[in-house]
Each structure stands twice: as C-alpha cells, then as structure tokens.
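What follows draws every value from the coordinates through simple rules; no lab data is involved. This structure is a prediction, so every number in the text was calculated from the model and none was measured. Note: ideal-geometry Cβ built from the backbone for every residue, glycine included; neighbour counts use all protein chains shown.
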Amino acid sequence: MSVPVPPAELIRRVTGSPEADAFVRGGPWHLDAFARALERVGKTYGDFASIYDFGCGCGRITLPLRERAPQARIAASDIDEEAVGWLAENAPDVDARPNGGLPPLPYEDDSFDLVLAWSVFTHLPEDYQDAWLQELRRVTAPGAVLLLSVHGETNWRWTWREPLASRRWSPTRARLALLRRHRGFAHWRGDGWDALFPDYYHTTWHTHGYIRERWSRWFEVADIAPGEGPEHDIVVMRRPGS
Ligand SMILES: C[S@@+](CC[C@H](N)C(=O)[O-])C[C@H]1O[C@@H](n2cnc3c(N)ncnc32)[C@H](O)[C@@H]1O
C-alpha cells in the first residue's frame, strides 16, 4: 500500500524536520518497535479488532498501520486540527478526529482493544499525563493492551553522552530538573517547542521505577521494552479486567 505524504509543515511538527523520507521510513520503523513490544505479551497486530493511535499527528504511524492490521477498525486523534484534517482526507478508512489538550476524548467507553502512542508521553507534563492515563482507561476495553513510548533511562543515558541534534538542547539543565524532582520524572520547558505547540508541550523523561509505581494506578504495567541507543522505550500495559 503506498502511503500519502503530508505537506512539509505537518511533517515538521511531528519529526522536527520537513524531510519526507524520514517521515515515510519512520512510521514502519516505529511500528516494528511496537510489534516487538507486543511480542513481549504474546500478541501481534492481527489480534486486535479496534486500534487507536493517540496523538497521531498527520499519521506517520496511522498510515502504515492500516497494512499491518487490515482486520482492525483504526481510530486516530490529535490536538493538531490541521494534521487530523489532512489525515481524515487522505485516509478515509481511518476514524480521525481532533481532541482537546485535556480529556475527554470523542470516543465511547471501552472502544479500543489496542492503543498506540508514539512520542506523546515524551512531551506531556505530569498533570496532563495523569489526566490522559485516566481517560485512556475509560476508552479501552477490559484486557486491552496499550503501547506508549517514553524517553526512558536509555534515552537519558544517551543524553548525558551527547546533546541531542538540536542546539537548543541543554542536558545540564534537563539533568538538574530531574535531580531536583528526585522522583524519576523530568519535564524540561527550555526546548523551544512552544513556538509550534501549546505551552504545556515540552520534553519529558521517566524512569522505569516511576512508571511502574505511578502508572499502575490506571493499568497493569506488563513490561517496559528498552529502546536501542537514544530511541524511545515502550511501556506495555494492560487495562485490568477480562
Ligand atoms: C512528536 S509528535 C508524534 C506524532 C505521531 N505520534 C508520530 O509519531 O508521528 C507528538 C504529537 O502529540 C500531539 N499532542 C500533543 N498534546 C496532545 C494531547 N493533549 N492530545 C493528543 N495529542 C497531543 C501533538 O500535536 C503531536 O502531533
């Protein structure tokens, strides 16, 4: 299936660069990482009837997902109305809708049996993160699987060795923020993303210990698949119930 390519400005909002090639290659690559994480709980994309891509942007993950899960109904939402509008127009088989910065989502209770979120919880402050975990619990069916990417300890260690490509980056400041919090959660507001996104949207890291303790208020944290090098870790969770 050939994948439609969004306008450069929409690509830039999800990858930081307007390059179409990286966008087109990135979706399947991240879907491979999600598939490996799913294997850790004995599942494949073929096991799910209703899949939701939370924070879909202009569909980097959603577009190639249609080929990996042809049996599933696919829904996707994002705060970026222009990106969601482009996705709805170019992938009419996807139920693509805008959502607000905070819950609720425009979906019924128990709607989904698999949720994907690539690089969304890597940007939320703690109060937004908690509110969205609560809301994802509402829209997932008992037994649903959630795969949420995070900047975990692998990314954190890499950050120490070498600043991220962006010169706006300050690992020292980010490090201080984490140390100050002492709880395994850091949200760094000096990254410049506020030029493109709402004020709450910045760069976030989690330790595995923090996730296991705090996110288990809403879900069973089944596993945390470490990323390679600076790549995101993937938190694998189950909605309690059967
Ligand atoms: C780094 S991009 C990743 C987009 C997409 N998941 C991908 O991998 O291409 C982060 C996305 O999160 C979206 N986002 C930020 N806050 C959100 C919120 N409260 N609800 C839903 N999406 C949100 C942004 O608009 C942006 O599209």
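Within the chain, what percent of beta bridges assigned by DSSP are antiparallel, to the nearest 5? Write out the running numbers ahead of the final one.
Working: 15 of 32 bridges.
Antiparallel bridges: around 45 percent, rounded to the nearest 5.
Roughly what would the spin-label model give for E67 and T15, points 7 Å off Cα along C-beta, in nm?
1.6
Pick from P230, P125, P198 the residue whose mean-square fluctuation is largest in a GNM of the chain, springs joining Cα atoms under 10 Å.
Ranking P230, P125, P198 by mean-square fluctuation puts P198 first.
Starting at 0 and stepping by 10 Å, how many percent of the alpha carbon pairs of the chain end up in each bin?
7, 34, 39, 18, 2
When the helix-only estimate is applied to the chain (DSSP H runs of n ≥ 4, each -39,500 (n - 2.57), divided by the residue count), what is the mean residue ellipticity at 222 nm, nearest 500 deg cm²/dmol?
Only helices count here, giving -10500 deg cm²/dmol.
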